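Asks: One structure, as structure tokens, below. Some questions next.
The values are calculated or read from the model by the stated rules, or taken from the named source; none is laboratory data. Computed from a predicted structure; not experimentally measured. Positions of Cβ are generated from backbone atoms using ideal geometry, with glycine treated the same way; all protein chains shown enter the neighbour counts.
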Amino acid sequence: MAILGADSRLLYTLLIAGVAAQRLAELRLARRHQQALLARGGIEVAPGHYRVMVLLHAAFLTACPLEVWLLRRPFRPALGAAMAALLAAAQALRYWAIATLGERWTTRIVCLPGAPLVTAGPYRFLRHPNYLAVVVEMAALPLLHGAWLTAAVFSAANALVLRVRIRQEEWALARGGNLNGSGPHGN
């Protein structure tokens, strides 16, 4: 289907490229925050799952346009509009969490002993708001252009990764680690 004279698959691929560029910028920011936290006495906790998480997200961003192109997934305007709205809401939640955490936001689990638990912003309502944003993105981004297989496979894989990640964060929190990662203190 052509949209404004351009193939919807091309526009979708450009959207995915934009999301990938956004994620790379977030990784750079997270790395700066991590280094600052470690310099202040922070301790990284349970790094073993991190590589799997990064590979999962990279594969996800690759699979989205591949399914659309290789399996010729059609663009359905009503579904696309609904998924675009969900994606926008997830992005707003993600950046609300990042802004609330400020320098305490990282993509790794970093404990900063003595730091208070963050209870402002979305953390007033949700224990892991960034993870909710990621869950919504994993479904909405591929479904925006009908890539239902990518949505299903990566949503299931992400659930497994988040299960490990959240357990590790909660373990550290229970021991007074006052995390900065993806849970109540971070990402």
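Asks: Within the set of pairs 6+ apart or on separate chains, which have a first residue in segment 92-115 that is under 13 Å from H33 (Cβ atoms), a second that is at pLDDT 95 or above and of a type in the set (V, I, T), and C-beta atoms under 6 Å apart?
Replies: Close Cβ pairs satisfying both conditions: W105/I98.
Asks: Got at least one residue in segment 73-81 being surrounded by 14 or more Cβ atoms within 10 Å (Cβ to Cβ), touching a residue at least 40 places away in the same chain (Cβ under 8 Å) and under 29 Å from R167 (Cα atoms)?
Replies: No, every residue in segment 73-81 fails to be surrounded by 14 or more Cβ atoms within 10 Å (Cβ to Cβ), touching a residue at least 40 places away in the same chain (Cβ under 8 Å) and under 29 Å from R167 (Cα atoms).
Asks: Test of understanding: among A147, A99, A157, which residue is under 30 Å from L10 (Cβ atoms), under 17 Å from the mean Cα position of the chain (by Cα) and at pLDDT 95 or above? First the steps, then the outcome.
Replies: Working: A147 fails: under 17 Å from the mean Cα position of the chain (by Cα); A99 fails: under 30 Å from L10 (Cβ atoms).
Matching residue, one of A147, A99, A157: A157.
Asks: Filter segment 39-58 down to residues that are aliphatic (A, V, I, L, M), out of contact with any Cys (no Cβ under 7 Å at 6 or more places or on another chain) and surrounded by 15 or more Cβ atoms within 10 Å (Cβ to Cβ), then give me how many there are. Break it down into steps so the answer makes sense when it comes.
Replies: We begin by selecting, within segment 39-58, every residue aliphatic (A, V, I, L, M); these are 39, 43, 45-46, 52-56, 58.
Still in the running and out of contact with any Cys (no Cβ under 7 Å at 6 or more places or on another chain): 39, 46, 52-56, 58.
Within this subset, residues satisfying the condition of being surrounded by 15 or more Cβ atoms within 10 Å (Cβ to Cβ) are 46, 53, 56.
Final tally of qualifying residues: 3.
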